[in-house]
Amino acid sequence: MKKAVLYIFVFTVFGFTIKPETAPVPQIQLLTTKSTFQAGEVIQLKFKTEASDLKLLLASNLGTMLVSPETEQAVKTFTVPEAIRTSAGKLNWVLIKNTAELQKGSITIVADTSQITAIESYLGPQRIAAGGSDYAQVTLIPTDRYDNVLPDHTELAFTTSFKSKTQTEKIEVQNSIAWKNIFSTKETGRIFNAAQLQEVSSKLQTIYVDANLAQDFSISAQRAHHFADADQITLLKTDVIKDRFGNTIPDGTLVNFLIKTDTGGSLQATGNTVNGSATTQIKHPEQPQRWEIQAFITGIATSNIVPLSFFTALDTIPTAWNATENILTVGPLNGKLNQIVPEGTRVKLLIKNENQTYTLTQKTQTGTASFYLDPAVYQSGTYTFKVQVLGVKQTLEPITIH
C-alpha cells in the first residue's frame, strides 16, 4: 500500500500571496453563467455559498481591484466597478477568503459596436512620387464610446478620390487596426481618402502626388548683343522640365548652370523652377571669350550644351599724352554701336622702361580714364605704354618723362 503524500503549494496571484485552506473548503456554486459582456454593461458575479468574509479579486488591463459582496446572504453578489467594465479585454477574477483561493475564472468584455464614436486616421508620407510604384499608408483605428478598439474583422468603408474618379472598398480591422496602401497615380494631383462606419467618418486625408524624377531637358541663351562689354546680361533659360510620365516638375527645383570658358575658367549660376522652367542671368565678360553652358539638376538630369561667343566691344582706344602735366588720357571710349562704354569700365595701363614695369588701373567716367604719372615716382627717361580695355590692347609710341 502506497503512502499518501501531501504537497503544499504557495503561489502569488495578482500581487497577493494565496495559500490553500487547511480547513475544509466550503461549497461554492457560481450562479453567473454569462462569460462575455459588452463594454459598459452591468457585470455581476453571483456565488451561492454559506461562507462569509469573502472578497473578489479582479485583474484587468487597467490594474487590480478587490471587491466586497453587496450582501452577506446565501447568494453573494459582486458588482464589477464601472471603471473596469467599460474597458474591453479579458477580466480575471479570484474568489478568496482571507488569503485562500476558493474559486477563479475569467470573463471577456468586448467593445460596444452599437455606438461607434470615432475613427482615428494616420497617414504617411503625405507626398509621394507619380508613376504607380510609390505609396502612402493610411492607418485607421475605429473606437466605441469608451475608446475601445473594435474587434477584428469589423469592416470599414474606405473611399479614395482622385480628380473625377472615386472608389469605395471594404477593409477589415486586423490586430486592432485597419490599414491600406495607396499607390501613386501616373498624373500629379491630390488623392483624398476617408473611412466610414455606421454614421461615423474619419477626417479627410490628402495625399499629394508630385512629379517623378526629372528627365533630361534643353536650355537656351538670350542676349541683346554678343560683345564682351562687362555690362550687358545674358539670360539663361530651361524649357519646361518634365518627368517620364509627362508631369511638370515641382516649383522650386534647383537647377545649376555651369559655364566653362576657353581660358580655362568656370562660372556658375543657379535658378529655381517656376511652372517647370528655371532662369538665371549672367554678366558678359570683359574680354572676348567662348563659353560652353550646360545645366544640371544634380544627380538627376542634364541639359544640352549651348556655345556662346563674345567678341571685342571696342575697335580703337583713343589716347592723348599731356607732356606738361604728365597725364595720359584714355578715351572717350565708344563701343561697337558707337555708345559710350559703361561707367566704371576698367582701364589698365602698363608702364615699362629698361629697369622696371609698373601697372596702373583706373575706371572710366563718361567713357574716359586719366593717369597722372608723378615725376617723384617715375624717373626721367623713355617709357613704353600699353593700354588694355575690355580685352583690347594698344601699345603707344615711346613717351619721354622729364
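The values are calculated or read from the model by the stated rules, or taken from the named source; none is laboratory data. Bear in mind the structure is a predicted one, so any value in this text is a computation, not a measurement. Cβ sites come from the backbone with ideal geometry, for glycine too, and all protein chains shown count toward neighbours. We work out accessible area using only protein heavy atoms, side chains counted, and drop any ligands, DNA or RNA first. Shrake-Rupley method; radii C 1.70, N 1.55, O 1.52, S 1.80 Å.
For Lys336, the lysines whose Cα falls under 24 Å of its own Cα, not counting residues fewer than eight places away in the same chain, are Lys283, Lys348, Lys363, Lys386, Lys393.
By the rule of a C-alpha distance below 23 Å, with chain neighbours fewer than 8 residues away ignored, the lysines paired with Lys180 are Lys163, Lys165, Lys170, Lys203. Taking only the alpha carbons of the chain, we obtain Rg and Dmax values of 45.6, 148 Å in that order.
Taking 0.890 mPa s as the viscosity and 25 °C as the temperature, the Stokes-Einstein diffusion coefficient of the stretch 293-349 based on its alpha-carbon Kirkwood radius rounds to 160 µm²/s.
Run the reach check for Lys76 against lysines, Cα to Cα strictly under 20 Å, same-chain hits fewer than 8 apart removed. What comes back? Straight-line reach from Lys76, under 20 Å: Lys34, Lys46, Lys48, Lys55, Lys97, Lys104. Taking a ≥ b ≥ c as the square roots of the eigenvalues of the alpha-carbon gyration tensor, the stretch 18-122 is classed prolate because a/c is 1.5 or more and a/b outweighs b/c.
Accessible area per residue for the chain is 56 Å², calculated with a 1.4 Å probe on protein heavy atoms, without ligands, DNA or RNA. Only the Cβ atoms of Lys and Arg (+1) and of Asp and Glu (-1) were treated as charged; on that basis the dipole of the chain about its Cα centre amounts to roughly 860 debye.
Taking every Cα-Cα distance in the stretch 165-227 and sorting them into 5 Å bins starting at zero, the pair-distance distribution P(r) comes out as 3, 10, 16, 17, 11, 9, 7, 5, 5, 5, 4, 3, 2, 2, 1, 0 percent. Annotation: average projected area of the stretch 225-299 is 5.6 square nanometres, based on the convex hull of Cα atoms across all directions.
For the pair Gln196 and Thr359, label points projected 7 Å from Cα toward Cβ lie 8.0 nm apart. With Cα atoms as the point set, the stretch 62-104 shows a radius of gyration and Dmax of 11.6, 31 Å.
For the stretch 269-366, what Kirkwood radius comes out of the mean inverse Cα-Cα distance, in Å?
17.6
At full extension, Ser176 and Ile300 could sit 40.4 nm farther apart than now, given 0.36 nm per residue minus the alpha carbon distance.
Counting charges near Gly276 (Lys, Arg +1; Asp, Glu -1) among other residues having Cβ under 13 Å from its Cβ returns a value of -2.
Measure off, as a whole percent, the carbon and sulfur share of the 1.4 Å-probe accessible area of the chain, all protein chains present.
Answer for the chain is 49 percent, counting heavy atoms of protein chains only.
Based on the Kirkwood approach, the hydrodynamic radius assigned to the stretch 55-168 is 18.2 Å, with every pair of different Cα atoms included.
Paramagnetic label reach from Thr36 (point 7 Å along Cα→Cβ; backbone nitrogen cut-off under 16 Å): within the stretch 89-118, residues 89-91, 106-114.
A simple charge model with +1 on the Cβ of Lys and Arg, -1 on the Cβ of Asp and Glu and nothing else charged puts the dipole of the stretch 78-214 at about 140 debye relative to its Cα centre.
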